[in-house]
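Just below is one structure, and these are the notes that go with it.
The values are calculated or read from the model by the stated rules, or taken from the named source; none is laboratory data. Model, not experiment: these values are computed from the prediction. Quick reminder, even Gly has a Cβ in these numbers, built from the backbone with ideal geometry, and neighbours come from all protein chains shown. The area values use the complete protein model at the heavy-atom level, side chains included, leaving out ligands, DNA and RNA. Shrake-Rupley method; radii C 1.70, N 1.55, O 1.52, S 1.80 Å.
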Amino acid sequence: MGDTPAIKIAALDEEDLAVISAHLQDAVLPVGDLRWMKTAGKLSIVANRYVHFGNRGGTGERRLCGVQISRVRRVSARNIIMSDKTAIVSLLAMTFVAGAEAPEGIIELSFAGGGAVRIEVECIEVAMADLSEAWPARARPDHDTGTDAKDASE
């Protein structure tokens with residue numbers, strides 16, 4: 001496999017964040033791989049992302065990737081039990097909601113099944129990088145059947 005090149009990108013505005021969101025759509029991860037480093041003001045994510053772009057048929061491929069969100073003030077979760085570190089979640093989108101005073105706001109991670117993580121930030125400062133070679137995915141994500149998270153351990 002490994003047909004697609006590894007990516008390393010950063011986001012400093014909503015348009016850039018939409019690009020990172022597109023690359024992370026259908027990424028799967030254990031809840032324990034969402035880590036808030038409160039004193040450093042950062043949230044890190046390690047996930048198996050599904051490669052939507054440049055994928056050549058079949059079931060596709062996945063890559064291990066890391067995401068760092070900086071300038072984090074507060075993190076909260078809805079419909080996700082953050083203490084269940086082994087629960088698998090499937091990321092659908094990463095969006096930004098502007099705050100009262102620019103450039104602050106909320107970066108929201110929306111997950112399949114209605115879960116969400118809200119990240120209050122001073123501004124958008126997000127970095128994403130692939131951490132491994134690609135490997136064959138066990139299945140192509142399918143939002144209609146609710147099976148997106150089944151290949152988290154790939």
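Annotations
- The stretch between Ala102 and Ala22, if pulled fully straight at 0.36 nm per residue, gains 26.4 nm over its current Cα-Cα span.
- Computed FRET value (nearest 0.05) for Thr59 with Lys38, which takes r as the C-beta separation and R₀ as 35 Å: 0.35
- Whole-Hz Karplus values for region 121-138 come out as 10, 5, 6, 7, 8, 10, 10, 9, 8, 6, 10, 8, 5, 6, 9, x, 6, 6 Hz, taken residue by residue from phi with 6.51 cos²θ - 1.76 cosθ + 1.60 and θ = phi - 60°; glycine and proline positions read x.
- Element breakdown for the chain at a 1.4 angstrom probe: carbon and sulfur atoms account for 52% of the accessible area.
- Residues of region 35-51 with amide N under 17 Å of the 7 Å Cα→Cβ point at Ala139: 48-51
- From the C-alpha gyration tensor of the chain, square roots of 5λ in Å: 25, 17, 14
- For Lys38, the shell of other residues with beta-carbons less than 13 Å away shows a net charge of +4, using +1 for Lys and Arg and -1 for Asp and Glu.
- Rg(Cα)/(2.2 N^0.38 Å) for region 6-60, N = residue count: 1.33
- Solvent-accessible area per residue in the chain equals 52 Å², computed with a 1.4 angstrom probe and all protein chains kept.
- R0 of 22 Å, Cβ-Cβ distance Arg73-His52: FRET efficiency to nearest 0.05: 0.10
- Rounded to 10°, Cα long-axis angle of helix 14-24 versus longest principal axis of the chain: 30
- Think of it as helices only: each DSSP H run of n ≥ 4 in the chain is worth -39500 (n - 2.57), and spread over all residues that comes to -2000 deg cm²/dmol at 222 nm.
- Restricting region 48-146 to GluC sites (Glu not before Pro) that sit in a DSSP loop and have at most 16 other Cβ atoms within 10 Å of their own Cβ leaves Glu101, Glu104, Glu122, Glu133.
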